[in-house]
Every structure is written in C-alpha cells, then in structure tokens.
Protein chains: 2
Amino acid sequence: MESVFVLVPAREARAVRVDTGKRFRIQDVEGGQVVDLFAFAANDVSEYASAEHTRIWVNRLFPRVGEEFVTNRRRPILSFEQDNSPGIHDMLCAACDPTRYELLGAKDHPSCQVNLMRAMAELGHDAIEIPQPINLFMSVGVEPDGSLTWGPAPTKAEDDVVFRALLDSVIVASACPQDLNDINRFRPSSIGVELLPD
Amino acid sequence: MESVFVLVPAREARAVRVDTGKRFRIQDVEGGQVVDLFAFAANDVSEYASAEHTRIWVNRLFPRVGEEFVTNRRRPILSFEQDNSPGIHDMLCAACDPTRYELLGAKDHPSCQVNLMRAMAELGHDAIEIPQPINLFMSVGVEPDGSLTWGPAPTKAEDDVVFRALLDSVIVASACPQDLNDINRFRPSSIGVELLPD
C-alpha cells in the first residue's frame with residue numbers, strides 16, 4: 001500500500017478511516033499549529049478516545065510517546081508511536097466551539113467542534129457525542145497552585161506525530177481555527193494527515 | 001421552605017431536582033468518602049456540567065470555592081458557595097464503571113457510572129451521555145512531571161460543601177463504591193444531599 005497524504009486546509013478538518021494495526025501521521029505543515037484530534041470506534045461511534053479515561057490509564061495529565069489512548073469503554077484505541085515534535089500536547093481542554101468564540105466577541109467563527117460535527121456528518125454520523133480532543137502541539141502548563149497557563153504551539157514546519165490504530169477507527173483531525181489568542185500564533189495554518197504503508 | 005435531607009447509602013446514588021437559585025449541600029457523613037457529583041440541565045439533559053469546559057472557564061485544574069462550573073454549552077450551571085472540608089476535589093478522572101472493576105479483578109462490582117445511569121433512568125432519562133464527574137473530596141495530586149498521585153479522601157465526618165444551581169438542574173450524587181484502592185480508605189460509606197431553605 002502506498003501512503004495517502006490528506007492536506008487539511010487551515011481552519012478545516014478531515015475524517016479518515018484507519019483499520020486496526022495501521023499507522024497514521026499528523027503533520028504540522030507550516031509550524032505553530034494546534035491539531036484537535038478525535039478517534040471513534042468505526043463500528044460504533046458512541047465509543048471514542050476519552051481524555052478522562054486515558055488520564056487514569058496512563059496516570060498522567062498529558063500524552064507521551066509509548067503510551068496508549070483508551071476509549072470511554074476503557075479499550076485501547078490508539079498507540080502513540082513516534083513524536084517528531086517538542087513533545088508538548090494537551091489533554092485538558094474542550095474543543096473550541098461557536099459559544100467560545102461568541103464569548104470572545106466573534107460570531108460565526110469556525111471552530112473545531114463544528115469541524116468535527118461536519119466531518120462526521122459527511123460519513124452519516126449526524127448525532128455524535130462531542131469528546132474532549134487530544135490537542136496535539138498545544139502548549140498548556142500547570143502551575144504549582146493548579147492554575148493553567150497557555151502558550152503558542154512550539155512546533156516548527158513539518159514536525160509530526162505517528163499513531164497506530166488499535167481498533168478499526170475513524171479519526172478526525174481539525175486544524176484549530178483559534179486566532180483570537182496566541183495558541184496558533186494568531187495565524188491558523190494547514191495540517192496533514194497521512195495513512196502510512198505497512 | 002424547610003430543608004430536605006436525603007441520605008445516600010454507601011455505594012449508591014440519588015438524583016435531586018434543584019431549581020435555579022436554590023442551594024444544596026453535599027455531606028460526607030462518616031468522613032473519608034469520595035462523592036461523584038453530576039449536574040444536568042433539567043429541561044435538556046444533553047447539557048451537563050463539563051470538566052473540560054470548566055477547566056477553561058476557571059483556568060484551573062481543580063474546583064475551588066467562589067468559582068462556577070459550566071456546561072458543555074459553556075453556561076454556568078453551579079456555583080461553589082461554601083467549602084467546609086479540606087478543599088481537596090478532583091476534576092480529572094472519569095467515574096468508575098464495570099470495566100474499571102473488571103480490570104481490577106472484580107466482576108459485578110457497583111460503580112458510580114451505573115449508579116448515575118440508574119438514577120437518571122428512574123427520572124425517565126434512559127440514554128444519557130456520561131459526563132466526567134466532579135469528584136468531591138477526592139485527592140488527586142499532580143507531580144512536576146505531569147504524573148498523577150492518588151490518596152485517601154481527607155475529609156472528616158460531617159464535612160460538607162454547598163453549591164447553588166444557576167440553571168434548573170438535576171444533580172446526581174454517588175457515594176463512590178471504590179474499595180479496591182484507598183481513595184475511600186477501603187471502606188465506602190454514606191453521604192447526604194440536602195436541599196437548603198432560601
């Protein structure tokens with residue numbers, strides 16, 4: 001099998017089917033870009049990668065290469081195989097959504113949640129639960145008092161991460177359209193999703 | 001209005017309707033007991049208190065008196081009005097469920113997730129999403145490297161917390177049945193839910 005590279009334009013998302021055992025790569029094409037990644041079990045999308053279950057599984061706040069992500073039914077769905085980036089990824093924050101932008105003064109702003117819903121609807125899944133995403137390349141820090149700090153994605157152009165599907169999965173990668181704070185350096189850009197050959 | 005005190009037996013849960021503006025109290029009756037607290041909008045239970053949205057709202061990992069909890073639609077649903085406890089509460093961990101206990105070697109063990117589903121089903125809500133709970137009195141620490149530590153609930157008998165509903169709500173409080181680690185000091189016990197007079 002040859003690899004298939006899907007370019008996801010800035011502010012958009014794409015869904016890709018990944019069979020059990022197959023690997024895929026998420027690339028930050030231009031650098032400094034957060035990717036909201038979701039993974040659903042292909043045969044029942046009410047099962048999906050869950051941050052609150054994964055935190056217990058790995059006993060850590062944030063994802064790290066060599067570890068697994070589990071679903072809301074505590075089944076491993078993705079393994080994190082390679083990290084060719086600074087290794088900064090968030091697993092605390094909800095996807096941005098229209099209300100988030102309205103509260104920031106921006107109506108009709110694109111969002112990762114609507115991107116996700118559209119990508120899944122195109123596959124016939126009209127009424128999904130909205131999981132908390134894995135926020136690749138997103139820099140969230142925790143101070144000793146438990147308060148959170150936010151910073152720009154520390155990636156450079158062509159940094160990437162590689163995952164292996166442990167269940168037949170539909171993954172959705174959204175190029176986060178947030179341009180009202182510096183998490184994408186005020187300049188949302190494109191990402192890539194590549195299905196890798198065996 | 002007189003207050004109404006609902007005793008929740010060890011390992012069980014109860015749902016209580018709380019109208020907008022009303023206050024309720026959650027008591028750790030005997031001490032050392034974690035309470036999984038859920039809050040749903042009464043008129044549409046697909047809207048509920050969401051940990052991943054609240055973390056962004058308060059910019060903190062863990063709940064603190066004086067702050068609000070918001071829903072998955074970013075609307076304030078509860079305010080945290082009083083804390084007569086050591087102030088240790090978790091907002092990172094999924095509810096325990098049958099799979100969690102099976103993985104620990106215990107089949108047919110009671111769980112907060114099944115408690116929640118039963119309590120909501122009794123109100124006619126048969127197919128709810130399972131939110132991540134607010135884990136009152138649950139001691140989860142974060143090490144500088146991002147790893148998590150677990151400890152026993154630090155509460156003493158009759159410690160309590162008080163919340164005010166900011167939406168018409170159905171709240172569910174589950175006396176966590178976990179007895180295979182020390183979060184409840186290996187001795188799950190009862191809790192109380194009290195609707196407070198104006």
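Bear in mind that the values in this text are calculations on the coordinates, not laboratory data. Note that this is a predicted model, so its numbers are computed, not measured. FYI the Cβ positions are ideal-geometry reconstructions off the backbone, even for glycines, and counts take in every protein chain you see.
Quick one: check the C-alpha center-to-center distance for region A:24-69 versus region B:53-109, whole angstrom.
Measuring centre to centre over Cα atoms gives 21 Å.
Which residue, A:GLY124, A:GLY32, A:GLY146, tops the fluctuation ranking in a GNM of chain A built on C-alpha contacts under 10 Å?
Residue with maximal mean-square fluctuation among A:GLY124, A:GLY32, A:GLY146: A:GLY146.
Search the structure for amide H atoms under 5 Å from the amide H of A:ARG11, placed 1.01 Å from N in the peptide plane, and list their residues when 5 or more places away or on another chain.
A:ALA175, A:SER189
Explain nothing, just the number: relative contact order of chain A, from Cα pairs under 8 Å at least 6 residues apart, as a whole percent.
Numbers: 526 pairs, mean separation 89.6, N = 198.
Averaging sequence separation for qualifying contacts and normalising by length gives 45 percent for chain A.
Suppose every K and R has +1 on its Cβ and every D and E has -1 on its Cβ; what is the size of the dipole of chain B about the Cα centre, in Debye to the nearest 20?
Values: 19 positive and 30 negative charges, 30 e Å.
For this selection, approximately 140 debye.
Please report, for A:VAL4, the nm distances (one decimal) from its label point, 7 Å out from Cα along the beta-carbon direction, to the equivalent points in the remaining copies, shortest first.
From this label point to the equivalent ones elsewhere in the assembly: 5.6 nm.
Could you tell me what a quarter of the Cα convex hull surface of chain B works out to, in nm² with one decimal place? Walk me through the numbers before you get to the answer.
On the way: hull surface 42.6 nm².
For chain B, the mean projected area of the Cα convex hull comes to 10.6 nm².
Give me the percent of Cα-Cα pairs in region A:54-95 that sit more than 12 Å apart, rounded to a whole number. Each step should come with its number before you reach the end.
Numbers: 525 of 861 pairs.
Here the tail beyond 12 Å accounts for 61 percent of pairs.
Given 20 °C and 1.002 mPa s, compute D for the protein assembly as shown with the Stokes-Einstein relation, Rh being the Kirkwood radius over Cα pairs; round to the nearest whole µm²/s.
So the translational diffusion coefficient is about 100 µm²/s.
Quick one: which of A:49-55, A:15-21, B:185-191 comes out on top by average Cβ neighbours within 10 Å, and what's the full order, highest first?
Working: A:49-55: 24.4, A:15-21: 15.6, B:185-191: 18.3.
Top to bottom by mean Cβ count within 10 Å: A:49-55, B:185-191, A:15-21.
For region B:113-198, take N as its residue count and report Rg(C-alpha) divided by 2.2 N^0.38 Å.
Numbers: Rg = 15.3 Å, N = 86, 2.2 N^0.38 = 12.0 Å.
With N residues counted in region B:113-198, Rg over 2.2 N^0.38 Å equals 1.28.
So what J values fall out for region B:40-47 if you push phi through Karplus, 6.51 cos²θ - 1.76 cosθ + 1.60 with θ = phi - 60°, rounded to Hz, Gly and Pro as x?
Working through the residues one at a time gives 10, 5, 5, 8, 6, 6, 6, 9 Hz.
Once you've got the GNM for chain B with C-alpha springs shorter than 10 Å, pick whichever of B:ILE88, B:ILE128, B:ILE183 has the biggest mean-square fluctuation.
Looking only at B:ILE88, B:ILE128, B:ILE183, the largest GNM fluctuation is found for B:ILE128.
Place a label point 7 angstrom from the Cα of B:PHE5 along the Cα-to-Cβ direction, then list the residues of region B:19-59 whose backbone nitrogen is under 16 Å away.
Only B:24-31 pass the distance filter.
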